[in-house]
Amino acid sequence: MISQRFIESIVGLFVLIAMLALLVLAFKVSGLTSFFPGKGFTVTAYFDDAGQLKIRAPVKIAGVQIGEVKRIELDPVTFKAIVTMRIYKKYNDIPDDSSASIMTAGLLGDNYITITPMYSQAFLAQGSQIQYTQPAIILEKLIGQFIYKLGNTDKEEQHEKP
Amino acid sequence: MIASITALGRLGINELREFGKAGILLYQVLCCQPNYRKSIPLTLQQVYMEGVLSLLIIIVSGLFIGMVVALQGYHTLAKFGAAQQLGPLVALSVTRELGPVVTAILFAGRAGSALTAEIGLMKATEQLSSMEMMAVDPIRQIISPRFWGGVFSMPLLTLVFNAMAIYGAYLVGVQWLGLDTGVFWSNMQDSVDFYADVINGIIKSVVFGIVVTWIAVYQGYNAKPTAAGIAIATTHSVVYASLAILGLDFILTAMMIRGW
């Protein structure tokens, strides 16, 4: 016969494990809030168009993840997207004149930010802003422009014929 | 002709009587005067027997179901170049459906059958009648702790199952197939809603917990007091519980998707 005290402590442990699982489901899976901000520094960048960029999308240099997107807001004056990124602490030697661009992984994939390093001797630090940015490439816009151009060339040809 | 109609009527009356007996048992369990000093230790023992001892099978099956869903989902999604959506696929299917349903079916097999056999044997060996002779209410002493233990364990087991399944999907998707960690979690967090998906899954598991333990306890309490009777009761307990889970799951899903 197992003692009552042992049973009570095991059941307590069981409840604790389940509560831990609930916390994982709440914060890690459904992203209620990000609970444990890791070590790093935040950098902001203004984009004309953030496209389908999402919170927690990766920030990369040369395809290697160096941080993630923390916040996406709208600037009320310029109507640009302010993207706040958290860069991991160990990458503290990125030149501050680097440019940031929003790229798409594959044709239908998700957006991520690529930082192209330049040659300045000053480095990005907590709160600094990336000056040179390239907005997201929106596929629909590109297709629209392409079709518009096709239409124009057709018309020009028609004008030339008579 | 008349005889067959009579047989049908007798069958119907017997079935209704069974439902009535089960309802009365549930009423007695729910409405009996609780004696907290005595019944809480008894219930904790049952949480140990039904919940803690089921943890191993729940953890292992959760891990493997998560891994299998991730593997299957990856190969289908990769055809459309949408492998990044693996996180949402696994998380939604597990928290909404697979978690509560599979946990409840495993629980019916692991704990429900044991409950039925235990109570049935107590009845066959006349332990329940001797308790009544000693003025100990078997409902309070035996049935009620087992019922509440099962109802309490079920949502906790579902939570553990969900977390393990998603961890299994992470192992396969990120560690093995090489998806991006950030994309995996960010897509998942983007599409999984805490209240609509996680909490609704837990509500389902509470309902399943009530139904599974109710059926198990009733089948045991109402078993024929013979060896064959206990065997039949145990089989019925698992079969009826599994059918009830699948049927109720459809009804609950329909209610939840249409917003009650």
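For B:Phe80 and B:Thr181, what does the FRET efficiency come to when R0 = 25 Å and r is the distance between their Cβ atoms, rounded to the nearest 0.05? It comes out at approximately 0.70.
Couplings 3J(HN,Hα) of segment B:135-152, computed from phi: 6, 9, 6, x, 4, 6, 7, 10, 6, 4, x, 5, 4, 5, x, x, 4, 6 Hz, in residue order, whole Hz [Karplus 6.51 cos²θ - 1.76 cosθ + 1.60, θ = phi - 60°; x for Gly and Pro].
Between A:Phe27 and B:Arg37, the C-beta separation translates, for a Förster distance of 41 Å, into a calculated FRET efficiency of about 0.60.
Remark: segment B:174-183, residue by residue, has Karplus-estimated 3J(HN,Hα) of 8, 6, 9, 7, x, 6, 6, 4, x, 5 Hz, where x stands for each Gly or Pro and the curve is 6.51 cos²θ - 1.76 cosθ + 1.60 at θ = phi - 60°. Each Cα pair under 8 Å and six or more residues apart adds its sequence gap; the mean of these over the residue count of chain B is a relative contact order of 32 percent.
Evaluating 6.51 cos²θ - 1.76 cosθ + 1.60 at θ = phi - 60° for every residue in segment B:63-73, the Karplus couplings come out as 4, 6, 5, x, 5, 5, 4, 5, 5, 4, x Hz, glycine and proline recorded as x. Distance between the modelled labels on A:Tyr88 and B:Ile251, one decimal in nanometres: 5.2 nm (7 Å Cα→Cβ projection).
Taking other C-beta atoms within 10 angstrom as a stand-in for reagent exposure, A:Asp48, A:Asp96, B:Asp180 fall in the order A:Asp48, A:Asp96, B:Asp180, fewest first. Helix A:4-23 axis versus longest C-alpha principal axis of chain A: approximately 10°, rounded to the nearest ten. Under a 10 Å cutoff between Cα atoms, tell me which one of B:Leu63, B:Leu243, B:Leu98 has the largest fluctuation in the Gaussian network model of chain B. Judging by the Gaussian network model, the answer is B:Leu243.
Counting only lysines at least 8 places from B:Lys21 when in the same chain, those with an alpha carbon closer than 19 Å to its own are B:Lys123, B:Lys224. Extension gain for B:Leu30 to B:Val206 (0.36 nm times residue separation, less C-alpha to C-alpha distance): 61.8 nm. Considering only alpha-carbon pairs that sit under 8 angstrom and 6 or more positions apart, the relative contact order computed for chain A is 22 percent. Between B:Gly229, B:Gly168, B:Gly12, the residue with the greatest mean-square fluctuation in the GNM of chain B (Cα pairs under 10 Å linked by springs) is B:Gly12. A cut-off of 5 Å between modelled amide H atoms, ignoring neighbours fewer than 5 places along the same chain, links A:Ser128 with A:Thr44. Chymotrypsin sites (Phe, Trp or Tyr not before Pro), restricted to segment B:64-114: which are DSSP loop and have at most 16 other Cβ atoms within 10 Å? When the chymotrypsin sites (Phe, Trp or Tyr not before Pro) of segment B:64-114 are filtered for loop state and at most 16 Cβ neighbours within 10 Å, B:Phe80 remain. Between segment B:180-198 and segment B:129-156, the C-alpha centres lie 41 angstrom from each other. For chain B, the longest principal axis of the C-alpha atoms and the axis of helix B:227-257 are separated by about 50°. Put simply, the amide H of A:Gly51, placed in the peptide plane, has neighbours under 5 Å in A:Ala136, leaving out anything fewer than 5 places away on its chain. In chain A, helices alone account for a calculated mean residue ellipticity at 222 nm of -9000 deg cm²/dmol, with every DSSP H run of four or more residues adding -39,500 (n - 2.57). Between 0 and 90 degrees, the angle of helix A:139-160 with respect to the longest Cα principal axis of chain A falls at about 10 degrees.
FYI, it's all coordinate maths here, none of it is from the lab. None of the values given here were measured: they were computed from a predicted structure. Glycine gets a Cβ as well: all are built from the backbone with ideal geometry, and neighbour counts include every protein chain shown.
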